[in-house]
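Shown next, in structure tokens, is the structure this report addresses.
The values are calculated or read from the model by the stated rules, or taken from the named source; none is laboratory data. Every value quoted in this text rests on a predicted model; they were computed, and no experiment measured them. Positions of Cβ are generated from backbone atoms using ideal geometry, with glycine treated the same way; all protein chains shown enter the neighbour counts. For accessibility, only protein heavy atoms count, side chains too; no ligands or nucleic acids. Shrake-Rupley method; radii C 1.70, N 1.55, O 1.52, S 1.80 Å.
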Amino acid sequence: MEAIILQVLNGLDKGSAYALIALGLTLIFGTLGVVNFAHGALFMMGAFVAVTVKRLLGTSYEVVDETRTDFLGNPMTIDTPYVVSWFGESVGNAMVDWAVPLSVLIAIPIMAVIGVAIERGLIKHFYKRPHADQILVTFGLAIVLQEIIKAFYGANPIPTPAPSAFTGSFDIGQLFGFDPFAIMYPYWRLVYFGFSAIIIAAVFAFLQFTTFGMVVRAGMADRETVGLLGIDIDRRFVIVFAIAAVVAGLAGVMYTPILSPNYHMGMDFLVLSFVVVVVGGMGSLGGAVLAGFLLGILQSFASMSAIIELVPGINQVIIYLVAVIVLLTRPRGLLGRKGVMED
Amino acid sequence: MSKGNFTRRNMLKSGAVTGAALAVPTIFTGRVWADAHTGFTNAPGDSSVTLGFNVPQTGAYADEGADELRAFQLAVKHLNGEGDGGMLNTFSSSALDGTGILGRRVEYVTGDTQTSSDAARSSARSMIERDGAIMISGGSSSGVAIAVQGLCQDAGVIFMAGLTHSNDTTGKDRRANGFRHFFNTEQSGRALAPILEAAYGTDRRAYHLTADYTWGWSQQRSMQTYTEDMGWETTNAVLTPVGAGDFSSYITPVANSGADLLILNHYGGDMVNSLTQAVQFGLRDLQVDGVNFEIVVPLYSELMARGAGSNIAGILGSQNWDWKIENERGDRYAGTNAFVQSFGQEYGFPPSQAAQTCYAQTMLYADAVSRGGSFNPCSVVEALEGFEFDGLGNGPTLYRADDHQCFKDVVVVRGKENPENEFDLVEIVDITSREDATYATDHPDFAGGDLGTCNPGA
């Protein structure tokens, strides 16, 4: 039982990342009609916002300590971050320690600007072009963004840990009457799940309870009619794209302590997220979230040794297997609407 | 009466042919190879010789690859008489004098294996065919090393393996043109078993997480053999994809499996991730039937320790070499300090075991060419087989002729509880002597391979 609960928790974590990326993808596809293959790159860029903020906060000056020697026998140099000098030891060190959560605040405007720049600079020219053209150009954009990050940050993963207050694990099992240590789960993964749930709820609330959201939903239901009503679609397109970019970016920022950021992490998540979107139903926000969590959980269960022993290699193909089964039995996906991506 | 063909001309011809045939067994020896500067793949000109360094610059083993490349560049510098000479000053052989190799300046080209056999073969082929590399070195993944070793054998160049730890590299996949300085999983098992028994007793239930390729399988097999021999039970062994990143799905079942010890047959970035996640999931806080849950990392490195940070504290493992070994264990490991000084001055931090093995391999190749007097791969093979040397940091070492495997002392280490600085993360617990780490040539884990004969290529 404990093992099952743990795999469900693992699945919720993976599913959170899939769901957040798939949510943005669906938002863009549903309103703009664009298949955005650069969306994984936006997730990756969010992660690198956190890396950059962490580096900036940790920028140090060197002080030579004559009383200690380094491995070559030379006087040792001690690195002291500028923020420690400026704000004092406790505040300065806390700022360095809390770099990832602080990055969330900085990532919102940065990712919004990146989103606007991509939409205005590139995507808008492809609204009336076939999906194949959109896929090619956004895939190309993803590669360009990936290579820019590689050129600046290198190819290797960059460890970006969570604040020390969130290292270690929490005994969830005891809350539900299990033995001590039966269900231990890392604090930060719980934070990530909670954060994702808040973001998903916020996006849904925004679409449900604001006038802007109502127009977006109307646009997702019938784009042409909304245009005929004289609504400035262009302005809304930009905002929708920016929101999707921010959601993907925040998913990336908060994911950095779980998996050290690297330049191709976006591509790794993008393929899975597209499967999530297709399984959930193209254009369905609820479907994207549902499929994200569902596939995350299934993937976790497929990684259990008992399951792998039974069906070797199932952990590598489970998501695609589910996609095939769903599409064969329900071509529109779990919550897909009729007419989307259909002739 | 038949007329015989017994003329003076025919007799001379027959004599020449017979003489040549009788001379065959002695043709393929040093002096004759030395005179043959052509007739083999990528024979160098008079001014320079090109070496190919094929390392992972991306992927799960990229940190090791970066350090390997640093060491290769330093070795080239020293071979060309630049810098402080490093281990050239301590190497027991005196064939190298800092004037390149056989008077030719050493140049090099690099490739990115991407920790993938296909990419590694492709970059090695390019270095051989396009850049004229006469020797390929590097690695960091046994799968890659075995693939490139096979390619080098076919192409007729020497492969001086970098970091490759699978038994198969000098076992079932050994080749005449390939040589390994690094130790292997059998040697790790022999070194670790007595230390693990002393630390954790004879009644343990071990759970293995294993990288799903030749090295992982080899490492798991060796650890299982030696730990089960001392009474441990293997509760489960799960294969994990290389470069998986998030190992949480594989780690979470461990806590409730009944195991009280986890053996992580992972290396490089994968080990950093799996160990960090194992600690995050609370395994080190766990008690199973009254005993503390423990983690073992059979193949250790300082680079991994740096990546894993404080999570590595108290964890046992084995190493091919450690940068502190001469300071802590004396002159037997001469060469270590010279190398650390040279590497540290150049790059600002101490070298990893990956760096040391690659530096040593470059020196050993250059030395073999110099002693044999030729770049011909068959001359190099002859010079390296059965070669006894010292002064490269590992103590007295033998390049065994039967399998082209080096035999030397093996270091058992533990992550430091209270490191003084970011380079002082590993403490040397014990050293298993070369004699104890040596296995028989007919060891079953190394069976099925055939060195074949050296291939000089073109």
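Numbers at a glance
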item: Index of the failed condition, B:N320 passing every other in (1) more than 12 Å from every other protein chain (Cβ to nearest Cβ); (2) modelled with pLDDT of 90 or more; (3) closer than 18 Å to B:A206 by Cβ; result: (3)
item: Residue in region B:221-250 that is nearest to B:F281 (Cα to Cα), counting only those that are part of a helix (DSSP H, G or I) and open to solvent by less than 30 Å² (accessible area, probe 1.4 Å); result: B:S248
item: Residue match in region B:87-97 (condition: open to solvent by 20 Å² or more (accessible area, probe 1.4 Å), closer than 20 Å to B:V242 by Cα, in contact with a Leu (Cβ under 7 Å, 6 or more places away or on another chain) and touching a residue at least 12 places away in the same chain (Cβ under 8 Å)); result: no
item: Filter result for the condition that a residue is touching a Pro at 6+ places or on another chain (Cβ under 7 Å), of a type outside the set (D, E, K, R), within 10 Å of chain A (Cβ to nearest Cβ) and open to solvent by 30 Å² or more (accessible area, probe 1.4 Å), over B:Q280, B:Q287; result: B:Q280
item: Residue in region A:18-39 that is buried (at least 17 other Cβ atoms within 10 Å of the Cβ), closer than 30 Å to B:Q345 by Cβ and not acidic (D, E) present; result: no
item: Residue list for region B:110-162, filter: open to solvent by 10 Å² or more (accessible area, probe 1.4 Å) and touching a Lys or Arg at 6+ places or on another chain (Cβ under 7 Å); result: B:A147, B:G150, B:L151, B:Q153
item: Subset of region B:422-437 that is out of contact with any Lys or Arg (no Cβ under 7 Å at 6 or more places or on another chain) and more than 14 Å from chain A (Cβ to nearest Cβ) - its residue that is least open to solvent (accessible area, probe 1.4 Å); result: B:S433
item: Residue within region B:258-276 that is farther than 30 Å from B:F446 by Cα, out of contact with any Lys or Arg (no Cβ under 7 Å at 6 or more places or on another chain) and within 10 Å of chain A (Cβ to nearest Cβ) present; result: yes
item: From B:D260, B:D270, residue being within 21 Å of A:P180 (Cα to Cα), charged (D, E, K, R) and open to solvent by less than 10 Å² (accessible area, probe 1.4 Å); result: B:D260
item: Matching residues in region A:1-17 - criterion: being of a type outside the set (A, V, I, L, M, F, W, C), surrounded by 21 or more Cβ atoms within 10 Å (Cβ to Cβ) and more than 10 Å from A:S196 (Cβ to Cβ); result: A:Q7, A:N10, A:G11, A:K14
item: Residues of region A:225-259 satisfying the condition of being in contact with a Phe, Trp or Tyr (Cβ under 8 Å, 6 or more places away or on another chain) and open to solvent by 40 Å² or more (accessible area, probe 1.4 Å); result: A:R236, A:I239, A:I243
item: Flag if A:S260 is within 14 Å of chain B (Cβ to nearest Cβ), in contact with a Ser or Thr (Cβ under 6 Å, 6 or more places away or on another chain), within 24 Å of B:V254 (Cα to Cα) and of a type in the set (G, A, S); result: no
item: Candidate set: region A:144-173, residues that are within 12 Å of chain B (Cβ to nearest Cβ) and open to solvent by 50 Å² or more (accessible area, probe 1.4 Å); chosen: the one farthest from A:N10 (Cα to Cα); result: A:K150
item: Unmet requirement for B:A211, which otherwise passes all of (1) assigned by TED's automatic domain parsing to the domain that holds B:T252; (2) open to solvent by 20 Å² or more (accessible area, probe 1.4 Å); result: (2)
item: All helices (runs of 4 or more DSSP H) inside region A:70-143 with 3 or more residues being open to solvent by less than 30 Å² (accessible area, probe 1.4 Å); result: A:99-121
item: Any hit, region B:305-313, residues being crowded, with 24+ Cβ neighbours inside 10 Å and assigned by TED's automatic domain parsing to the domain that holds B:M271; result: yes
item: Residue match in region B:84-91 (condition: within 19 Å of B:Q353 (Cα to Cα) and modelled with pLDDT under 90); result: no
item: Extreme residue, least open to solvent (accessible area, probe 1.4 Å), among residues of region B:444-458 that are touching a helix residue (DSSP H, G or I) at 6+ places or on another chain (Cβ under 7 Å) and under 29 Å from B:G393 (Cα atoms); result: B:F446
item: Test: residue in region B:167-179 that is open to solvent by less than 10 Å² (accessible area, probe 1.4 Å), modelled with pLDDT of 95 or more, more than 14 Å from the chain's Cα centre (by Cα) and not basic (K, R); result: yes
item: Residues located in region B:431-458, provided they are of a type in the set (F, W, Y) and part of a loop (DSSP other than H, G, I, E, B); result: B:Y439
item: Test set (1) closer than 30 Å to A:T77 by Cβ; (2) assigned to a loop (DSSP other than H, G, I, E, B); (3) outside the structural domain of B:R125 (by TED's automatic domain parsing) - B:I428 fails condition number; result: (2)
item: Only one of A:D179, A:D222 that is over 20 Å from A:G249 (Cα atoms), loosely packed, with under 14 Cβ neighbours inside 10 Å and more than 14 Å from every other protein chain (Cβ to nearest Cβ); result: A:D222
item: Flag for B:E417 being part of a loop (DSSP other than H, G, I, E, B) and either touching a strand residue (DSSP E or B) at 6+ places or on another chain (Cβ under 8 Å) or of a type in the set (A, V, I, L, M) (or both); result: yes
item: Answer from B:L398, B:L384 - the residue that is under 23 Å from B:Y359 (Cβ atoms), modelled with pLDDT of 95 or more, in contact with a strand residue (DSSP E or B) (Cβ under 7 Å, 6 or more places away or on another chain) and open to solvent by 30 Å² or more (accessible area, probe 1.4 Å); result: B:L398
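To keep it simple, each residue is scored yes or no on (1) open to solvent by 10 Å² or more (accessible area, probe 1.4 Å); (2) assigned to a helix (DSSP H, G or I); (3) assigned by TED's automatic domain parsing to the domain that holds B:L69; (4) in contact with a Leu (Cβ under 6 Å, 6 or more places away or on another chain).
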{"site": "B:T252", "(1), (2), (3), (4)": "no, yes, no, yes"}
{"site": "B:T276", "(1), (2), (3), (4)": "yes, yes, no, no"}
{"site": "B:V296", "(1), (2), (3), (4)": "no, no, no, yes"}
{"site": "B:A338", "(1), (2), (3), (4)": "yes, yes, yes, no"}
{"site": "B:G344", "(1), (2), (3), (4)": "no, yes, yes, yes"}
{"site": "B:P351", "(1), (2), (3), (4)": "no, no, yes, no"}
{"site": "B:Q356", "(1), (2), (3), (4)": "no, yes, yes, no"}
{"site": "B:A360", "(1), (2), (3), (4)": "no, yes, yes, yes"}
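Per-residue answers, yes or no, for (1) farther than 22 Å from B:Y439 by Cβ; (2) touching a residue at least 40 places away in the same chain (Cβ under 8 Å):
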| residue | (1), (2) |
| --- | --- |
| B:E197 | no, no |
| B:D212 | yes, no |
| B:Y226 | no, no |
| B:V254 | yes, yes |
